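Working notes for the structure below.
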Amino acid sequence: MSAKLTPKGMRDIGPEDMFVREEAIEKIRAAFRLFGYRPLETPAMEYLETLRAKAGPEVDKQIFIIEGGEYGLRFDLTVPLARYAASTDAPKPFKRYAIDVVWRKEEPQRGRFREFYQADPDIVGSASMRCEAELLSLANTICVSFGFQKPRIMLNNRKILDGIAAKLGIEADVKGEVFRVLDKLDKIGEAEVEKLLREILGGKADELLKIIRSKGGNKSKLALAAKYSEEGAKELEEILALCGSEFEVEVDLFLVRGLGYYTGPVFEVKLSDDIGTVMAGGRYDSLLGIYGQPAPAVGISVGIERLVTLLAERRKGAGKKTDTKVLVACVKPDFYPDSVRTAAEFRKAGVACETDLNDRNIRKQLDYANSLGIPFVAVIGEREVKSKSVTLRDMASGKEEVLPIGAAIDRVKGG
């Protein structure tokens, strides 16, 4: 029987790509911990009713339902957090992070898969705008760690958008559809957004677009926003003041975030206009109440897949193939036990190393080291066993030195 392909929308991630992925995840995890967020792991499966309590009509279609219909695979990391936080009396604010796999049964596209990672820091138990300011600072820190010194951080408030919709007489059942269309700006472009809005709203579309496209600095946009929601504008003003001059934040009245559970400030982060959104989130003060224990909450989701792609592009041609620093090679099979003992010495010193598991001649062992970019080969033969040494070969220069094992370890550690 021929080997089957991976299921639709799924993929294998080989070792070289996994090294890049792990590097990206470690950068993100380090930033989360730097700000005091604590890790939480939850099951991949949830009760279907738990998932559907939050899912809107679009997300509901994306749930992978497990045979029997009682369970489904999680489609994000917010639902498990809400369930956990609503049933746990953790000290407040509860600052948690999660980096894990989620599943969505949507049509796969280039760069979009049915199984993918999310990385979310969230704060439960505080209604203060200090939370939003901290999350934006955290987002900026992550961008800088990936080499992007000036990300574009955009901020809006659902209260302002609700106020605009009310002023224009947009009915509640239409408002959700309008917001979902506005949220598709990056995917379908402004012209298509305009077209869809006119189909939904008719003449009101032009009025809406005139307001949310307003130009000028943050001060003038906040003044306009206050006409539709004084509370929403004040919240944004407070966030901007808390962020200070540490990094730039831009009020963008076009910014929506399509998910219906957002109740206050919403935000997106782009590395550039070309790259698109890499982080997004907002305040969802009503969500935990669905699961039994109301509490204010806010979070942001980091787009791991996009950051991994950016890191991989930078590493192209120079990616890591292995963590191994030394291959301990034996001249003859008789010396394999000695190579195992020598490898143990390297490992005790914290040096990642391998031995030959395929009983190959020395040339093929050297070829193997070259194929993986292993920088050193420590050769063990009769002479080395008698003198308790190794012949250490630098694979880049081809230089060889006969060294005691301790000196060889120091040489490898020193590069």
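Coordinate-derived values only; no laboratory data. These numbers were taken from a predicted model, which means no experiment stands behind them. Because the Cβ atoms are built from the backbone with ideal geometry, glycine has one as well, and the counts that use them run over all protein chains shown.
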>> Give the lysines reachable from Lys332 as a straight Cα distance under 29 Å; neighbours fewer than 8 places away on the same chain don't count.
In response: Lys321, Lys348, Lys364, Lys386, Lys388, Lys399, Lys413
> aspartates and glutamates within cross-link reach of Lys150: Cα-Cα under 16 Å, excluding same-chain residues under 8 positions apart?
Replying inline: Glu246, Glu248, Glu250, Glu268, Asp273, Asp274
> Which one, [x] 23.8, 77; [y] 20.0, 67; [z] 27.4, 91, gives Rg and Dmax of the Cα atoms in Å as derived from the coordinates shown?
Replying inline: [z]
>> Please list, in order along segment 40-53, the HN-Hα scalar couplings obtained from phi with the Karplus expression 6.51 cos²θ - 1.76 cosθ + 1.60 (θ = phi - 60°), rounded to whole Hz, x for Gly and Pro.
In response: 9, 10, 10, x, 5, 9, 10, 4, 4, 5, 5, 5, 6, 4
> Which Cα, out of Ile66, Asn140, Ala166, lies furthest along the positive dipole direction of the chain (beta carbon charges, K/R +1, D/E -1)?
Replying inline: Asn140
>> Against the empirical 2.2 N^0.38 Å scaling, what ratio does the C-alpha Rg of segment 312-363 come to?
In response: 1.42
> For Ala352, which sequence-distant residues (separation of 5 or more, or a different chain) have an amide H within less than 5 Å of its own amide H, given hydrogens modelled in the peptide plane?
Replying inline: Lys325
>> Just to check I understand the Karplus step: with θ = phi - 60° and J = 6.51 cos²θ - 1.76 cosθ + 1.60, what whole-Hz values come out for segment 203-213, glycine and proline as x?
In response: x, 5, 4, 5, 4, 4, 5, 4, 6, 6, 8
> Which residues' amide hydrogens lie under 5 Å from the amide hydrogen of Met129, considering only partners 5 or more residues apart or on another chain, with H built in the peptide plane?
Replying inline: none
>> Cut-off 10 angstrom, C-alpha nodes, Gaussian network model of the chain. Which of Leu81, Leu168, Leu224 fluctuates the most?
In response: Leu168
>> With +1 on the Cβ of every Lys and Arg and -1 on the Cβ of every Asp and Glu, and nothing else charged, how large is the dipole of segment 317-415 about its Cα centre, in debye rounded to the nearest 20?
In response: 160 debye
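Could you work out [θ]222 nm for the chain from helices alone, using -39500 (n - 2.57) per DSSP H run of at least four and dividing by all its residues? Round to the nearest 500 deg cm²/dmol.
Helices in the chain give a 222 nm mean residue ellipticity of -12500 deg cm²/dmol.
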> So which of Lys210/Lys270; Lys184/Lys316; Lys54/Lys215; Lys167/Lys215 end up more than 27 Å apart, counting from Cα to Cα?
Replying inline: Lys184/Lys316; Lys54/Lys215
> Within the P(r) computed for segment 326-410, what percentage of the Cα pairs occupies the region above 22 Å?
Replying inline: 13 percent
>> Can you work out the Karplus-derived ³J(HN,Hα) for every residue in segment 336-342? Use 6.51 cos²θ - 1.76 cosθ + 1.60 with θ = phi - 60°, whole Hz, and x for glycine or proline.
In response: 4, x, 5, 5, 5, 5, 5
> Looking at Leu357, Thr78, Gly281, which one has the Cα that reaches farthest to the positive end of the dipole of the chain (charges on Cβ: Lys, Arg +1; Asp, Glu -1)?
Replying inline: Leu357
>> Over the chain, what is the relative contact order in percent, taking alpha-carbon pairs closer than 8 angstrom and at least six residues apart?
In response: 16 percent
>> Under the rule of at least 5 residues apart or a separate chain, name every residue whose amide H is placed under 5 Å from the amide H of Ala119.
In response: Val302, Ile304
> Among bridges DSSP assigns within the chain, what percent are antiparallel (round to 5)?
Replying inline: 75 percent
>> Under a Cβ-only charge scheme (Lys and Arg +1, Asp and Glu -1), can you give me the dipole magnitude of segment 130-175 about the Cα centre, in debye to the nearest 20?
In response: 180 debye
> With charges only on Cβ, +1 for K and R and -1 for D and E, what is the dipole size of the chain about its Cα centre, in debye, rounded to 20?
Replying inline: 740 debye
> Tell me which aspartates and glutamates have Cα within less than 18 Å of Lys61's Cα, excluding those fewer than 8 residues away on the same chain?
Replying inline: Glu46, Glu49, Glu70, Asp76, Glu106, Glu107, Glu115, Glu177
